[in-house]
Structure formats: C-alpha cells, structure tokens
Amino acid sequence: MKTRVPEILGIEYPILQGGMIWVTDAGLAAAVSEGGGLGMIGAGGMAPEMLTEEITRAKSLTDKTFGVNIPLQRPDAGDMIEVAARSGVPILSTSAGNPLSFTALAKEQGMKVVHVVSNVRMAEKAQEAGVDVIVAEGYEAGGHNGFDELTTMALVPQVVDAVEVPVVAAGGIADARGMVAAFALGAEGVQMGTRFLASLESPAHDRYKELVVKANDRGTVITGRAFGPVRVIKNTLAEKILQAESEGWSTEQIMEMIGPGRTMKAAMEGDMDEGSFMCGQICGMIGELKSSAEIIQEMMEGYKEVAATL
C-alpha cells in the first residue's frame, strides 16, 4: 500500500511502535526501526540525562529513523523536547496534553510531530497546532486512555473525516487483520504497543511478557475511570483499586493507596501482585514472543493476503 505516513516520517512501513513507560527503551526502538517501522523511545519515566543516554544508545544500534515519546503533562516537557532536538531525534511523539505550544517548539527544531488523541475535538486541536501525523487511539489500548471511552472502530473514521493530516490507528491492533481494518476506516498507518511489548527485544520483565502471552480476551480491566482511566492486566493491585472505587473512596485516597513506582514494579521487577501491568485488550490474541522484525514482516505480508480475500 502507499500512504503519506512513511514519506512524512522517513520510514519504510506505516507501522509505529507506541511509547510505553519503562518498556520502550533504545533497544526496542532500534529493533522496530531496523525492521522498517518507527521505533519510539518512551521518555515518560526518564530524567533528561537518561533520555540523552538512551538516544545515544539507539543511534549506536541503528542508523534508521526513530522517535521519542514525551507526555506533555510532564512539568519539564519543554526541556525534554529540547534534549531530544539537540540529540538530533527527527520525530517527536506527544501525548497526554495540549500540543499547541510544544508543537511549535519541536518544529522550530526541525522535528516532525506525531500527537496521540482520543476524540475528534482533540484531533482538530492537534491539526490546528500544526502536527504532521495524528494517532487516533481507541479505548482498547493499554495504559492511559481517554475519558470518552471511544473505541478504535468508532473513533478512527470520525477523526479521518474531521482532519486533513494523515491518521494512524491505535488500540486493539496486533496483526494484519487489524491493519487492514484500520486502513478500511481511512487510517494511513497503525501504532502498536502491546504487540511490541511482547517482543524478544522488549526490556519488560519476563513475567510481564508471560502475563501478556497467557492472557485471554478478558485479561484486562480499566481502573481510575473517574479520575484517569488506565487499562491494565488483572492482578491483585488492579483488584484493590477496583474495590476501592466500588466502595466510593476519594481520588486522593486511591492515589495514596496506589503510591508511586507501580509501573516500574511491573516492567522492571515483574511484581505480580504490586505492579501495574499496562496492557491492551488485544493481549488475548498474542500467543508467543517474536522479534520486532518478524512482527513487522508478518504484518506486511499478511496485509496483502487478507486484502486479497476481500
């Protein structure tokens, strides 16, 4: 297929790897880029010094294009963008915030900007801000989600109709069938997180990957619906949060109970009880770990086979 996304982003295939805190490091980003997609260093939990180190490491592993994902809710988001720009990263992916001021900053530094949205109004605002590519992420996705609970099937075509910049579909996509469906909805690319989490190059703890591979279609839940929806794998911590919500605990009480470092406990330590294992609903379809290159090649080859049957 021919779309605008590879040309704009300087990649071979219209496949993006989503930014995931503590999971999408330089090694995974480089592997995805080497496979022809757009690898992304997830800078959510990194200090500026660590981000600089990861960018340097990624450059030592690939000469292909890769990007950096920076959540805009960070108080130092501007500083982090400056770090990425000074390090020569050509692609900035932003999420969890208004892209208006930061898009201008990134484009002044010569970067292309990809912004993640969860509803049409956000997409329109992103286009007004001057972003180059919009990622429309449905409620099936793992990690932080939108309050509107719009699913990928409903969200993507509405965003496509509302904007002129190319749209990438995310949420519930892990194979060629999902990619064909996304393109039928008008998307010009796909972004995957959970599928690359369960890859050989992913730095996630082995127990984390095992949870993803063994999960079924009902393996995830949404916590924090009232104050910040997050999709995670069902475990002891998730059950505690859901119980607290059902009992009417305040946001402050729940946040105090959760405490800091839960995503690190999951990704780095594989703490089955106390970690927050962010994961998308598509986990039930992922049955084995594969290399990033193999995942991408199967997507591209499978796309042609699936499309030919329609």
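The values are calculated or read from the model by the stated rules, or taken from the named source; none is laboratory data. Treat the numbers as computed from the prediction; the structure is a model and nothing was measured. Here Cβ is always computed from backbone atoms with ideal geometry, including for glycine, and neighbour counts include all displayed protein chains.
With respect to Thr94, is the statement that it is over 19 Å from Asp132 (Cβ atoms) and of a type in the set (S, T, N, Q) true? Don't jump to the end; show me each part of the working.
Details: over 19 Å from Asp132 (Cβ atoms): no; of a type in the set (S, T, N, Q): yes.
The answer is no for Thr94.
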How many residues, within region 296-310, are under 25 Å from the mean Cα position of the chain (by Cα) and either at pLDDT below 95 or at positive phi (or both)?
1
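Residues of region 237-264 being surrounded by 12 or more Cβ atoms within 10 Å (Cβ to Cβ), hydroxyl-bearing (Ser, Thr, Tyr) and out of contact with any strand residue (DSSP E or B) (no Cβ under 8 Å at 6 or more places or on another chain), which ones?
Step one: of region 237-264, the residues surrounded by 12 or more Cβ atoms within 10 Å (Cβ to Cβ) are 237-242, 244-245, 249, 251, 253-255, 257-258, 261-264.
With hydroxyl-bearing (Ser, Thr, Tyr) added as a condition, the list becomes 251, 263.
Thr251 - this is the single residue of region 237-264 that is surrounded by 12 or more Cβ atoms within 10 Å (Cβ to Cβ), hydroxyl-bearing (Ser, Thr, Tyr) and out of contact with any strand residue (DSSP E or B) (no Cβ under 8 Å at 6 or more places or on another chain).
Surrounded by 21 or more Cβ atoms within 10 Å (Cβ to Cβ) and at pLDDT below 95: which single residue out of Pro48, Pro75, Pro99, Pro71 fits that description? Explain how you work it out, then say what you get.
Details: Pro48 fails: surrounded by 21 or more Cβ atoms within 10 Å (Cβ to Cβ); Pro75 fails: surrounded by 21 or more Cβ atoms within 10 Å (Cβ to Cβ); Pro71 fails: surrounded by 21 or more Cβ atoms within 10 Å (Cβ to Cβ).
Sole residue among the options that is surrounded by 21 or more Cβ atoms within 10 Å (Cβ to Cβ) and at pLDDT below 95: Pro99.
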Considering region 32-75 alone, what residues qualify as being under 18 Å from Met111 (Cα atoms) and in a loop (DSSP other than H, G, I, E, B)?
Gly37, Ala43, Asp63, Lys64, Thr65, Leu72
Residue count, region 225-236 (criterion: out of contact with any strand residue (DSSP E or B) (no Cβ under 9 Å at 6 or more places or on another chain) and of a type in the set (A, V, I, L, M))
1
Matching residues in region 222-240 - criterion: being of a type in the set (A, V, I, L, M), without any contact (Cβ under 8 Å) to a residue 40 or more places away in the chain and under 18 Å from Ala267 (Cβ atoms):
Leu237, Ala238
For region 166-175, which residues satisfy the criterion of being assigned to a loop (DSSP other than H, G, I, E, B) and under 17 Å from Glu140 (Cβ atoms)?
Gly171, Gly172, Ile173, Ala174, Asp175
Identify the single condition in (1) within 15 Å of Gly39 (Cβ to Cβ); (2) crowded, with 16+ Cβ neighbours inside 10 Å that Arg57 does not satisfy, given that it satisfies every other one.
(2)
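Tally up the residues in region 176-224 that are assigned to a helix (DSSP H, G or I), of a type in the set (A, V, I, L, M) and not assigned by TED's automatic domain parsing to the domain that holds Gly248, please. Outline the logic, then answer.
We begin by selecting, within region 176-224, every residue assigned to a helix (DSSP H, G or I); these are 176-184, 194-197, 206-214.
After this cut, where a residue has to be of a type in the set (A, V, I, L, M) as well, the list is 176, 179-182, 184, 197, 211-213.
Next cut, not assigned by TED's automatic domain parsing to the domain that holds Gly248 only: 176, 179-182, 184, 197.
So the count comes out to 7.
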